[in-house]
Amino acid sequence: MYTGSLRAQISALDPYTPGLSIDEIRQKFGLAQIFKMASNENPLGVPPLAQAAIARHAAEAFRYPRGGNPRLLAALAKFHKVSERRIVIGNGSDEVIDLLIRMLCEPTRDTIACFSPCFNLYPIQAQISDVTVKRCPLREDFSFDFNGLLAQVDDTTRLVFLTTPDNPSGFCPTVDEVRDFAAKLEQKTSKALLLIDEAYMDFCEDETAHSLLACGEIPSNVGIMRTFSKSFGLAGLRLGYAILPEVLAEGFWRARLPFSVNLLAEEAGLAALTDLNFREKTMETVHHGRKLLSESLKAMGCTVWPSAANFLLFRLPASASAKDCFETLLSHGIIIRLLKSYSLPDHLRVSIGNSQENSAFLKEMAAFLGRI
Ligand SMILES: *Cc1c(COP(=O)(O)O)cnc(C)c1O
């Protein structure tokens, strides 16, 4: 009889409770149409050029992909004007985050530092690797207390995570603040990598005012992550990448599972990089929708935080419950995000949708707030 058991770090994880699928919600509430505004996906869907590339290459799916994704590497190097030797590609940013923690942190000895709340994957993957997470609370207004974060750094720190623009608030520090923090981190310890997650950076109005990557001057202790899941519209194919110090990029390719980026994802990614028309429409849709939703929610009495991303964090007028709002919208076919898992039970997050989704969301919000 099998008598093995899970490692303590795995037993301690909270079981993952997936939200209802679109099909389940449709059946449960007898709805014809569901609008998902919960996961910050692209409101316009998949880039047409990527769809065509997937169809064109479908018959090659019986082949293994080429190791090392050299064509995508070359295309990304050109897109961001950085050396290929600094780029790594993974099965979503998720794989890049997980692998960097495992590459850089010695279990039980080394630590990572991040804000609280932050994207849950950083602390969860650290816990799985038995790496201690040191956390600094965000300020009341969700801005970054850089000195507080720096105070969590010591000799054992191997990774410091920043998310810019931040999830779930949409806050985005200036490039000067980020550059200054990188310099102070380097003074304190030369052994820590500042890993900046720029999953939403291309939605901000002026990238060069916020991104070291866009400025073309990445300090030696900084890595920058981006993804095809949001503005490039390929969340379901799982494709993310990072620009790292060369020595880490080289280690990453040795440690990565050889075929973790699949053949169709690579073809779709290559095509998505060239679909400038889709990109332009995406930015227009997000910038226009962000303004519309923000102003409309404020007019309804909600508190809305300024966002540089394709989502908004908001709180209802005092008498209304976030959970009731979430459930009422759900029963009308609109999925938004309750932020319990970020320890923000009174807050809600909505992804910017297309015009049909935005109107449906605002109509249901007005109806909900009108009833209380
Ligand atoms: C959506 C998101 C990502 C993207 O993750 P993928 O694995 O590339 O889909 C990364 N970081 C943050 C903070 C996100 O919200």
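The values are calculated or read from the model by the stated rules, or taken from the named source; none is laboratory data. Here the structure is a predicted model, which is why all the values come from computation and not from measurement. Here Cβ is always computed from backbone atoms with ideal geometry, including for glycine, and neighbour counts include all displayed protein chains. What goes into the accessible areas is simple: the full protein's heavy atoms, side chains included, and nothing from ligands, DNA or RNA. Shrake-Rupley method; radii C 1.70, N 1.55, O 1.52, S 1.80 Å.
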Problem - Test: LEU44 is of a type in the set (A, V, I, L, M) and either out of contact with any helix residue (DSSP H, G or I) (no Cβ under 6 Å at 6 or more places or on another chain) or part of a loop (DSSP other than H, G, I, E, B) (or both) - result: yes
Handout entry: Condition check for ASP166: of a type in the set (D, E, K, R) and surrounded by 15 or more Cβ atoms within 10 Å (Cβ to Cβ)
Key = yes
Exercise for the section: Hey, could you check the range 202-226 for residues that are open to solvent by less than 10 Å² (accessible area, probe 1.4 Å) and of a type in the set (Val, Ile, Thr) and say which is farthest from VAL261 (Cα to Cα)? Expected result: VAL222
Fill in the blank from the handout: Considering the range 297-324, residues that are in a helix (DSSP H, G or I) and closer than 27 Å to ARG26 by Cα, and then whichever is farthest from the chain's Cα centre (by Cα), we arrive at ASP324
Handout entry: Subset of the range 6-26 (residues that are surrounded by 11 or more Cβ atoms within 10 Å (Cβ to Cβ) and either outside any loop (DSSP other than H, G, I, E, B) or not assigned by TED's automatic domain parsing to the domain that holds LYS281 (or both))
Key = GLN9, ILE22, GLU24, ILE25, ARG26
Handout entry: Leading residue by the ranking (farthest from ALA75 (Cα to Cα)) among those in the range 240-284 that are touching a Ser or Thr at 6+ places or on another chain (Cβ under 7 Å) and within 16 Å of the ligand (Cβ to nearest atom)
Key = THR282
Handout entry: Flag if ARG86 is open to solvent by 80 Å² or more (accessible area, probe 1.4 Å) and farther than 27 Å from HIS347 by Cα
Key = no
Practice task
Consider LYS78 carefully, then state whether it is without any contact (Cβ under 8 Å) to a residue 12 or more places away in the chain and outside any loop (DSSP other than H, G, I, E, B).
Solution key: yes
Handout entry: Residue satisfying condition, being open to solvent by less than 70 Å² (accessible area, probe 1.4 Å) and not assigned by TED's automatic domain parsing to the domain that holds ARG66, within set VAL286, VAL261
Key = VAL286
Fill in the blank from the handout: Filtering the range 325-346 down to residues that are open to solvent by less than 80 Å² (accessible area, probe 1.4 Å) and in a helix (DSSP H, G or I) yields CYS325, PHE326, THR328, LEU329, LEU330, SER331, SER341, TYR342
Exercise for the section: Six or more apart or on different chains, Cβ under 6 Å: which pairs go from a residue in the range 251-275 that's small (Gly, Ala, Ser) to one that's open to solvent by 20 Å² or more (accessible area, probe 1.4 Å) and not in a helix (DSSP H, G or I)? Could you list them? Expected result: SER260/ASN91
Handout entry: In the range 185-201, residue farthest from the ligand (Cβ to nearest atom) [restricted to those that are over 23 Å from GLY240 (Cα atoms) and open to solvent by less than 80 Å² (accessible area, probe 1.4 Å)]
Key = THR189
Problem - Flag for ARG349 being in contact with a Ser or Thr (Cβ under 7 Å, 6 or more places away or on another chain) and modelled with pLDDT of 95 or more - result: no
Handout entry: Pairs, first more than 11 Å from GLY223 (Cβ to Cβ) and open to solvent by 10 Å² or more (accessible area, probe 1.4 Å) in the range 92-106, second within 13 Å of the ligand (Cβ to nearest atom) and assigned to a helix (DSSP H, G or I), C-beta under 7 Å, six or more apart
Key = ASP94/LEU121; ASP98/GLN125
Handout entry: Residue satisfying condition, being more than 18 Å from GLU217 (Cβ to Cβ), in the same structural domain as PRO117 (by TED's automatic domain parsing) and without any contact (Cβ under 8 Å) to a residue 40 or more places away in the chain, within set PHE181, PHE203, PHE161, PHE144
Key = PHE144
